[in-house]
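The values are calculated or read from the model by the stated rules, or taken from the named source; none is laboratory data. The structure displayed is predicted, hence computed values, not measured ones. As a convention, Cβ positions derive from the backbone with ideal geometry for all residues, glycine included, and neighbour counts pool all protein chains shown. Heavy atoms of the whole protein, side chains included, go into the accessibility calculation; ligands, DNA and RNA do not. Shrake-Rupley method; radii C 1.70, N 1.55, O 1.52, S 1.80 Å.
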Amino acid sequence: MGVFSIRISRDLKAFLKEEDLNDLTKIGSNIKQLNRKDIKKIRSTLQKWNSPQAVSNLLFHPSLIPGDIRASCILKGLREKKNSYYILATVVGLQGINSTEFSEEERDDIKKSLIFILKTSGGVISARASISISDYISSEDAFTMFKLLDHPDDTTKHNILCWLIRAMEDKGPDAFISMVRSSCMPEDVQEEAIEKLHEYLRQKEAGEYNLFTMPLYVNIPNLREYCKDH
């Protein structure tokens, strides 16, 4: 092998093996440019899809995934059936990239996948999905989101309601209340949503801080921690 042969960079090698999520972010921020071997390694890792730590790390930081396969890898991660940590990594990774880099069809596919995740998942996955989805939905999706207000996870429910209050604010409280009433949610869920809306409006008028201006985040476990609980 010649002295000028290209090898996988030290940073990428460390990145693919790193277990600590904080250290992973630090290593990822040091990767400014990928060489030909780096890109080949990333493509191979994602094509094989059988190295949980390496695949998850790339899904957490999708900006390192080559642009021509980024959307397909993200959708594959969101639709994963066997390793739910891939879903979590993909959901979190979406929060670090601009949704406008995807085509309209890709954004719609991502939105549908996130809605399915919200309907079928709980805990940290649904809590994070309820944040990620905000970049892929508009007020036209409000009725769909209203139907998710009885989600069993409190953080997820808070984030959905937080988005709905902001998305419907320009339409006025009557429009919000009308959608709540037509959502077929249990009566106690409907009353809680309307109460939170009135609380938000009162505190906004008074210039007070309100929890429903910002979503809630939950800590992300590393792969080893996640596997212990699942």
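You will find that of F102, F116, the residue that is more than 13 Å from the chain's Cα centre (by Cα) and not assigned by the TED database to the domain that holds D150 is F102 and no other. No other residue among E192, E208 is open to solvent by 40 Å² or more (accessible area, probe 1.4 Å) and either assigned to a helix (DSSP H, G or I) or of a type in the set (S, T, N, Q) (or both) apart from E192. Checking each residue in region 198-220 for being at pLDDT 90 or above and closer than 22 Å to S126 by Cβ picks out P215, L216, Y217, V218, N219, I220.
For region 1-38, how many residues are in a loop (DSSP other than H, G, I, E, B) and at pLDDT below 95? Steps first, answer last, please.
The first filter runs over region 1-38 and keeps only residues in a loop (DSSP other than H, G, I, E, B), leaving 1-9, 18-20, 31-35.
Pick out the ones that are also at pLDDT below 95 and you get 1-9, 31-35.
The number of residues fulfilling the criteria is 14.
Any residue at all in region 160-168 that is of a type in the set (V, I, T), touching a residue at least 60 places away in the same chain (Cβ under 8 Å) and under 19 Å from K119 (Cα atoms)? Checked against the condition, which is being of a type in the set (V, I, T), touching a residue at least 60 places away in the same chain (Cβ under 8 Å) and under 19 Å from K119 (Cα atoms), region 160-168 yields no hits at all. Residue count for region 45-68 satisfying the condition of being more than 19 Å from the chain's Cα centre (by Cα), open to solvent by 40 Å² or more (accessible area, probe 1.4 Å) and among the polar types (S, T, N, Q): 3. Looking at region 211-230, which of the residues that are open to solvent by 40 Å² or more (accessible area, probe 1.4 Å) and of a type in the set (S, T, N, Q) is farthest from K17 (Cα to Cα)? Only one residue fits best here, namely T213. Of all the residues that make up region 130-183, how many are acidic (D, E) and more than 22 Å from the chain's Cα centre (by Cα)? Selection size over region 130-183: 3.
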